Amino acid sequence: MLRRHLSDISAFLAALSLSSVGLARLAPGVFPRADDLRAFDGEWVYVEDRSEGKTLEQLGPPMSSKFSLRTEEGAVILVSGHGSGHRDVRVAFGGAGTEVPGSTAGALARYRSSWKDGVLSYETEFVRSAGAAPAGLIKKELRMTKDGLLVSVTTGDYAPSVGLYKHPQDIALPTPAKAVIGDLAWLVGAWTGTRGTGGITSIEERWSPAKGGSMMAVSRTVTRDKLAAFEYLRIVERDGGLVYVAQPNGAAPTEFVLTELSGKRAVFDNPRHDYPKRIVYEVSASGGLTATIGFLKGGSSRRFEFKREG
């Protein structure tokens, strides 16, 4: 009897030892080291599309053009910009997942995360109402490379979209073009335009004459006789070039550097900004003004057309 008990204890200890070895082998794959995780922390800005088989017009970020995350032992925190509208979602590695209630009864978003071979992965599925099946699965894989953070996003059965992201401070600034404020005299004046079916939205920009190395402007957007947006704008001389400063709806200023100037066309760039990264002003042969905003390469730009008031 004693011998049998001793044998059972020995077998139990052996099994425990094997389980411990198995857990030790599993842990590095499921729970990364703090040093490995730390590289993913912070704010990331879209740099370029690295998907295969896309046309120039189809290029764009695979997810938000800017997102933030942070990590801690055993979990990733999706701070902002992860496509669901939720903020500061903590998702443990290898666990059952995290559920966040939606805006309607029974709706929710379910998050799961994992770590394997240096790749931080997380997936999101949405339940639209109580008892409903998930509406779809979005999988995201984040991998550190020598160029920056490579993000792959797969939705359903579609081919993955891949984009390169970097910390803003790691994105190279453009080479400024030489110019003085007087070179943009063609922009001076009041410009108005309309958008939408039947011109229900009116947009205007009013640029002051150059003075003191600067030009100032206010922009206003009105939809159905209600103020929809406003913006403070200025262009200033700096270090032999020109800088375009935008403050939409009174927000903190964002600067764009003049990189091209030819005739009545001016290009301002800021690759560290999420969107837009480029602003282009151009006066046509007929005297109309176009303002175009978009990415530095490809994608669908937004174009605004104006006529000189009066």
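The values are calculated or read from the model by the stated rules, or taken from the named source; none is laboratory data. No experiment lies behind these values; they were computed from the predicted model shown. When we count neighbours, we look across all protein chains shown, and the Cβ atoms used for this are built from the backbone with ideal geometry, even at glycine.
Does Thr145 satisfy being closer than 30 Å to Arg206 by Cα, exposed (fewer than 14 other Cβ atoms within 10 Å of the Cβ) and not assigned by TED's automatic domain parsing to the domain that holds Ser214? No; evaluated as a whole, the condition is false for this residue. Within region 282-300, residues that are assigned by TED's automatic domain parsing to the domain that holds Ala185 sit with their Cβ atoms under 6 Å from residues that are part of a loop (DSSP other than H, G, I, E, B) and surrounded by fewer than 16 Cβ atoms within 10 Å (Cβ to Cβ), at 6+ positions apart or across chains, in these pairs: Thr292/Ser301; Gly294/Ser301. Val119 satisfies every condition listed in (1) closer than 30 Å to Ala172 by Cβ; (2) in contact (Cβ under 8 Å) with a residue 40 or more places away in the chain except (2). With respect to the conditions (1) surrounded by fewer than 16 Cβ atoms within 10 Å (Cβ to Cβ); (2) out of contact with any strand residue (DSSP E or B) (no Cβ under 8 Å at 6 or more places or on another chain); (3) in contact (Cβ under 8 Å) with a residue 12 or more places away in the chain, Asp225 lacks only one, and its number is (3). Return the total of residues in region 163-210 being farther than 30 Å from Gly53 by Cβ and either of a type in the set (S, T, N, Q) or part of a strand (DSSP E or B) (or both). Here the count works out to 18.
Using the structure shown, decide if Asp147 is among the acidic types (Asp, Glu) and closer than 19 Å to Pro160 by Cβ. So Asp147 fits the description; yes.
Part of a strand (DSSP E or B) and either in contact with a helix residue (DSSP H, G or I) (Cβ under 8 Å, 6 or more places away or on another chain) or assigned by TED's automatic domain parsing to the domain that holds Gly60 (or both): does that describe Ala228? Against the criterion (part of a strand (DSSP E or B) and either in contact with a helix residue (DSSP H, G or I) (Cβ under 8 Å, 6 or more places away or on another chain) or assigned by TED's automatic domain parsing to the domain that holds Gly60 (or both)), Ala228 does not qualify. Inspection of region 230-238 identifies no residue that is within 17 Å of Leu289 (Cα to Cα), touching a residue at least 40 places away in the same chain (Cβ under 8 Å), surrounded by fewer than 19 Cβ atoms within 10 Å (Cβ to Cβ) and of a type in the set (A, V, I, L, M).
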